[in-house]
Amino acid sequence: MVLVAAPATAMIVRTTMTANSATFDVEVVRQDFPILHQRLSGDMPLVYLDTAATAQKPRAVMAKVMECYEQYNSNVHRGIHQLGDRMTVELEAAREKVQRFIGAGELEEIVFTSGTTMSLNMVAHGWGRKFLRPGDEILLNTMEHHANLVPWQLAAAATGATLKYIPLTADGRLDLSSLDQLLTSKTKLVAVTAMSNVLGTINPINELARRAHDVGALICVDAAQSVPHMPTNVRSPQVDFLAFSGHKLYGPTGIGVLYARRQLLEAMDPFLAGGHMIREVFLDSSTWADPPAKFEAGTCPFIEAVGLGAAIDYVNSIGLLQIGQYEHQLSVKAHEKLAAVPGVTIYGPSVDHKGAILSFTVDGVHPHDLSDVLDRRGVAVRAGHHCTMPLHELLNLTATTRASLAFYNTLDEVDALVEGVHAARKVFRLK
Amino acid sequence: MTDSLEDPYDDHILDHFESPYHKGHLANPTCSHSDRNPICGDQVTVELLVDDQDRVKEAYFDGKGCAISQAAASILCEQIEGKTLDELKDFQAQQMLDLLKVRLTASRQKCGLLSFKVLKTMLYGMDEQREPASSG
């Protein structure tokens, strides 16, 4: 069976060559990232190929965070004083940047959270536990990160709902041929990643959203890997829930976003209770504030949110189309060169159907040993199951090595990775 | 590229990894225990045949994982045969790391100590079996 690739009109748009591509200069961009210019032990230059775990931060983000601390740090939505006013204005400006960045219709649909995991747990609790009933079905798949899998296991256990799984094709894409059987009136939610953090697979969110809505189900998209690398528009196609993290988008840690349609945010229960999320509190009951405050109990990470706003400004200054296009070119080269090394297997679909992520194994070299040898050469990659144990079970592997690329990586760095893999084979006495 | 970069993978480690000592299973082990490192998926089982003098007659291991974790299990089995259970209770983590004869970073010490941890957990389990509810 041959699966048709995601159409170009999908929420996630694969970029094509643009006229201004000549203006992108990786060496200029690298100047914005001080961390990339250090040397590690053995005087090895850092080759950072672990952006899918967390992205490095440009100076603009760090400067904005410092500005907050040095000039107007003050709790938001509270004090009637000049610092509090300024901080609140900055926070809400960041919310507006997020809204525009993902194409949300309303500012109130942007909830600041601590990260993708928190966002997805908020949906599983606030929506899932309130609305799921025994016999309802949640449609998942084996490539999901634990963050978009385990919360649904708990929600299903609490409500009597059932988990169903879309099978994967041999090359690591969703096998949509069985979707007619799997998507029924029992299906209440499709939870799916826009881009696999291991296989790099770009899933057809457009088609999944349409098919889910056709049977009256909602769609919850884990966009942690896709948002930093390709344009996102939550209204084209309309998605119901979308989650991502600031730290993978070149922003600070501890900040993330939950987008949900206003109607859903109004219907959902709050996840955390406390200050700021209430309208009125009595001794025996309370009423909730309007979204997004309803989901932002306590003091939100407001400086991190402002840092995320600065990260979005930075990404926009380069352009997501440029970023996606450059990363794709780099990814094509990396796939070609790595695949040519004896004993190397790269998992997932062909390079045109995936983001710039290479999870691979080398015959005769355990991923842990490989990443150790690479680290001694300054090449930072990740080894393990990458929070996808069911996927590794399916692949019959305990671990893989993952190299993930960003627009601040270079062709020379791809070569350093490939040379490192050759060196590891030599260490392990492989011919 | 200098050799020192590939530090932990010397002949001692690689020989044990490629030709491990007593990899497999005992027909009738006195005790057996398994554990895995949840971060990287390395897995090791250690089996002992203990005689009536509480001395380890034979030690076997089985497992899957990186060169460090598997070579360390092989080295462990080779070293503990002939030792009494009391001697093994005094066996310290640093002694295990010394037996590997290579310098490991903090993250790789988890690999190098996996089989040691399996052995220690097994020994504590045996104590509990012998002295049930001894704590008041």
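Here B:LEU48 clears all of (1) without any contact (Cβ under 8 Å) to a residue 60 or more places away in the chain; (2) buried (at least 23 other Cβ atoms within 10 Å of the Cβ); (3) of a type in the set (A, V, I, L, M, F, W, C) except the condition numbered (1). For region B:61-80, taking the residues that are in contact with a Phe, Trp or Tyr (Cβ under 9 Å, 6 or more places away or on another chain) and of a type outside the set (A, V, I, L, M, F, W, C), the one that is farthest from B:ASN28 (Cα to Cα) is identified as B:GLN70. Number of residues in region B:105-132 that are away from chain A (no Cβ under 14 Å) and either in contact with a Cys (Cβ under 9 Å, 6 or more places away or on another chain) or more than 22 Å from B:PRO38 (Cα to Cα) (or both) equals 11.
If you filter region A:106-126 down to residues that are small (Gly, Ala, Ser) and part of a helix (DSSP H, G or I), you find that the one that is nearest to A:SER196 (Cα to Cα) is A:SER119. Restricting region A:248-266 to residues that are buried (at least 24 other Cβ atoms within 10 Å of the Cβ) and in contact with a Gly (Cβ under 8 Å, 6 or more places away or on another chain), the residue that is nearest to A:ARG211 (Cα to Cα) is A:VAL257.
Matching residues to (1) modelled with pLDDT of 95 or more; (2) of a type in the set (Asp, Glu); (3) outside any helix (DSSP H, G or I):
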site	(1), (2), (3)
A:GLY128	yes, no, no
A:GLU144	yes, yes, yes
A:ALA155	yes, no, no
A:LEU163	yes, no, yes
A:LEU179	yes, no, no
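Taken across region A:362-377, residues that are in a helix (DSSP H, G or I), among the acidic types (Asp, Glu) and away from every other protein chain (no Cβ under 14 Å) do not occur at all. Is it the case, given these coordinates, that B:PRO38 is free of Cβ contacts under 8 Å to residues at least 24 places away in the same chain, at negative phi, within 14 Å of another protein chain (Cβ to nearest Cβ) and outside any helix (DSSP H, G or I)? Yes, satisfied. Restricting attention to region A:376-425 and to residues that are closer than 17 Å to A:TYR48 by Cβ and free of Cβ contacts under 8 Å to residues at least 40 places away in the same chain, the residue that is surrounded by the fewest Cβ atoms within 10 Å (Cβ to Cβ) turns out to be A:ASP412. Looking across region A:272-310, the residues that are modelled with pLDDT of 95 or more and either of a type in the set (Phe, Trp, Tyr) or not assigned by TED's automatic domain parsing to the domain that holds A:LEU107 (or both) come down to A:PHE295, A:PHE302. Scanning region B:51-73 for residues that are out of contact with any strand residue (DSSP E or B) (no Cβ under 6 Å at 6 or more places or on another chain) and more than 12 Å from chain A (Cβ to nearest Cβ), we see that the one that is surrounded by the fewest Cβ atoms within 10 Å (Cβ to Cβ) is B:ASP52.
The values are calculated or read from the model by the stated rules, or taken from the named source; none is laboratory data. As the structure is a computational prediction, the values presented were derived from the model and not from experiment. For neighbour counting, all protein chains shown are included, and Cβ atoms are generated from backbone atoms with ideal geometry for every residue, glycine included.
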